[in-house]
Amino acid sequence: MKGLVLALLSLIGVGGLSYALLYNGLRLAANRVSTAWAGIEAELQRRNDLIPNLVAVVQANAEHERSLIEQVVRARSAGAAAGASREAIAAADAEIRSLLPQVFVLAEAMPTLRTSESFLALQTELATTEDRLAAARRYYNFKVRDLNNLVYSAISGAIARKHSVVAGEYFGEAKV
């Protein structure tokens, strides 16, 4: 009888420990997604802070390309106004990513911009920021994948539902 009680207590202890480990793993994965999102937000803010300088430099040299500059400004404003909506943030990000190369193509056609130190510094800074943003997107999407694997797995999925841990949404076009 003692052996049965001891076995039952051991089984309950192992079950409780397993539950705690799975729950902690879910919370850790959810926190990593939040942290990765903060990395994306920081890089988006960095890029948004650089865009007014780029607009000012290009505008001073390319008054005839006003519509492109206005599109960049609108896209930046849309990103800043997106709030917590990840879909709106992703849409604004995609628009800015499509417009920035056009600005650089415009600049290539203008000798004054090609030799402008401030423009070249901004171009380098924006390229670095875009690389960092791409890395942050990939990292975020990897962390979402890890969380989703736990949320959609059998046992950890039941624990996730019980504790309202929901699957994450991928950011942008890069699905993992």
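The values are calculated or read from the model by the stated rules, or taken from the named source; none is laboratory data. Please read these numbers as outputs of a predicted model, since none were measured by experiment. Glycine also receives a Cβ, built like all others from the backbone with ideal geometry; neighbour counts cover every protein chain displayed.
Please state which one of Gly39, Gly3 is under 21 Å from Arg132 (Cβ atoms) and either small (Gly, Ala, Ser) or surrounded by 12 or more Cβ atoms within 10 Å (Cβ to Cβ) (or both).
Exactly one residue qualifies, and that residue is Gly39.
Being of a type in the set (Val, Ile, Thr), assigned to a helix (DSSP H, G or I) and free of Cβ contacts under 8 Å to residues at least 60 places away in the same chain narrows it down to one residue among Ile40, Ile12; which is it?
Details: Ile40 fails: free of Cβ contacts under 8 Å to residues at least 60 places away in the same chain.
Of Ile40, Ile12, the one residue that is of a type in the set (Val, Ile, Thr), assigned to a helix (DSSP H, G or I) and free of Cβ contacts under 8 Å to residues at least 60 places away in the same chain is Ile12.
Name the one entry in Ala160, Ala167 that is aliphatic (A, V, I, L, M), in contact with a helix residue (DSSP H, G or I) (Cβ under 6 Å, 6 or more places away or on another chain) and surrounded by fewer than 20 Cβ atoms within 10 Å (Cβ to Cβ).
Of Ala160, Ala167, the one residue that is aliphatic (A, V, I, L, M), in contact with a helix residue (DSSP H, G or I) (Cβ under 6 Å, 6 or more places away or on another chain) and surrounded by fewer than 20 Cβ atoms within 10 Å (Cβ to Cβ) is Ala167.
Assuming Asp93 fulfils every condition listed in (1) among the charged types (D, E, K, R); (2) in contact (Cβ under 8 Å) with a residue 60 or more places away in the chain; (3) over 30 Å from Gly157 (Cα atoms); (4) in contact with a Lys or Arg (Cβ under 8 Å, 6 or more places away or on another chain) apart from one, which condition is it?
(4)
State the number of residues belonging to the stretch 74-131 that are of a type in the set (S, T, N, Q), out of contact with any helix residue (DSSP H, G or I) (no Cβ under 8 Å at 6 or more places or on another chain) and either surrounded by 12 or more Cβ atoms within 10 Å (Cβ to Cβ) or closer than 17 Å to Gln45 by Cβ (or both).
Just the residues of the stretch 74-131 that are of a type in the set (S, T, N, Q), to begin with: 77, 85, 98, 102, 112, 115-116, 118, 123-124, 128-129.
Now drop any that are not out of contact with any helix residue (DSSP H, G or I) (no Cβ under 8 Å at 6 or more places or on another chain), which leaves 77, 85, 98, 115, 124, 128.
After this cut, where a residue has to be either surrounded by 12 or more Cβ atoms within 10 Å (Cβ to Cβ) or closer than 17 Å to Gln45 by Cβ (or both) as well, the list is 77, 85, 128.
Residues in the stretch 74-131 being of a type in the set (S, T, N, Q), out of contact with any helix residue (DSSP H, G or I) (no Cβ under 8 Å at 6 or more places or on another chain) and either surrounded by 12 or more Cβ atoms within 10 Å (Cβ to Cβ) or closer than 17 Å to Gln45 by Cβ (or both): 3 in total.
Spot the failing condition for Gly25; the list is (1) under 26 Å from Met110 (Cα atoms); (2) small (Gly, Ala, Ser); (3) surrounded by 13 or more Cβ atoms within 10 Å (Cβ to Cβ), and only one is missed.
Checking Gly25 against (1) under 26 Å from Met110 (Cα atoms); (2) small (Gly, Ala, Ser); (3) surrounded by 13 or more Cβ atoms within 10 Å (Cβ to Cβ), the one that fails is (1).
Quick check: is even one residue across the stretch 99-114 of a type outside the set (Ser, Thr, Tyr) and at pLDDT 90 or above? Walk me through it before giving the result.
Within the stretch 99-114, the subset of a type outside the set (Ser, Thr, Tyr) is 99-111, 113-114.
The next check asks that each one be at pLDDT 90 or above; those that pass are none.
Taking every residue of the stretch 99-114 in turn, none turns out to be of a type outside the set (Ser, Thr, Tyr) and at pLDDT 90 or above.
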